[in-house]
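What follows is one structure encoded as structure tokens, with my remarks underneath.
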Amino acid sequence: MNLVRFTLHIISVLFFFTICLNVFKHMENQDNDGMLFNKIDRNDIYGENSVDCSISLSPPHTHSLIALASYPGSGNTWTRHLIQQATGIYTGSEFNDHGLYNHGYLGELEDAILGTTLTVKTHSPMSEKFDAAILILRDPHKALAAYYQFKHCSGHRHTCVLNESSFDKRAWEKFIEKESECWANHTESWLNFPKPLLVVKFSDLKQNAMKESQRMADFLGLPISNNGRLQCMEKDLDGKYKRNSTTKNEQAFFTFSHTMEERIHLFTRFVNDLMKQRNITELEREI
């Protein structure tokens, strides 16, 4: 009798372990299936040979202090986007713009001297505190119109387009009278920068952003011709802060009187002469 009970006990124990083993195997298969599903899901989204398009800050003291200089309205914020897409490293700024920070420019609030960002946006005249500089130059007609909109537009000032009802023709004329000379002085100061300088024309960026971004990356010591960052650029060339074309606005009310055109032409010719002396192709009227 005892032998029968012992035998039944052994059978019960074995049966219990068999059930547990099957349960564990089923759970393991579920985990594996879950992992495989996750992998398939990621490949469906990013592609089997996807590249890492993430952007990050560098460790402190990684980068020299490199200016990304421009007169306001010349496309600095869009150029920052291109540099970030091309290199995977955030750019910084002297302005601490919380709006830009909240929309993904995570280098915006970094202290420039920490060396965690690749370049530092500035609209200030030339400063020798920088170790090198990229200067963005734009046809003053377009730069002045963009800057005027930035100063007078309601809404997000980096991208909004002024409407005719809020346009003040007399204020526009005074703005051109003053700021056209400021544009020339600012440009002259940076063209006289005594350290490594790369000049990038906004018209060239518009025509071939990939090529100009490669030039900037090469200048920054981070060539992109043989890595996947080109794919990252192709996926998102415009970014969030490339202002829509103002051509229709300009035709409607951003007009230039004969006097205004003469003044802008005078300062453009002055800047082009400086560029010729440095073997840089002249600025052309942006369409």
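The values are calculated or read from the model by the stated rules, or taken from the named source; none is laboratory data. In this text the structure is predicted, and so the values were computed from the model without any measurement. When we count neighbours, we look across all protein chains shown, and the Cβ atoms used for this are built from the backbone with ideal geometry, even at glycine. For accessibility, only protein heavy atoms count, side chains too; no ligands or nucleic acids. Shrake-Rupley method; radii C 1.70, N 1.55, O 1.52, S 1.80 Å.
Quick grid of which residues meet (1) open to solvent by 70 Å² or more (accessible area, probe 1.4 Å); (2) farther than 24 Å from Arg285 by Cβ; (3) in contact with a helix residue (DSSP H, G or I) (Cβ under 8 Å, 6 or more places away or on another chain); (4) in contact (Cβ under 8 Å) with a residue 60 or more places away in the chain:
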residue: Ala112; (1), (2), (3), (4): no, yes, no, no
residue: His141; (1), (2), (3), (4): no, no, yes, yes
residue: Ser165; (1), (2), (3), (4): yes, yes, no, no
residue: Arg170; (1), (2), (3), (4): yes, yes, no, no
residue: Lys178; (1), (2), (3), (4): yes, no, no, no
residue: Lys195; (1), (2), (3), (4): no, yes, no, yes
residue: Ala217; (1), (2), (3), (4): no, yes, yes, yes
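Residue selection: Thr159 fails the criterion of being among the polar types (S, T, N, Q) and at pLDDT 95 or above. For region 231-280, the set of residues classified as among the β-branched types (Val, Ile, Thr) and modelled with pLDDT of 75 or more consists of Thr255, Thr259, Ile264, Thr268, Val271, Ile280, listed by residue number.
Of the set (1) within 25 Å of Gln84 (Cβ to Cβ); (2) modelled with pLDDT of 95 or more, all apply to Asn185 but (1). For region 259-287, residues that are closer than 19 Å to Lys142 by Cα, over 28 Å from the mean Cα position of the chain (by Cα) and of a type outside the set (A, V, I, L, M, F, W, C) total 6. Considering only residues in region 48-95 that are among the charged types (D, E, K, R) and open to solvent by 20 Å² or more (accessible area, probe 1.4 Å), the one that is nearest to Val199 (Cα to Cα) turns out to be Glu94.
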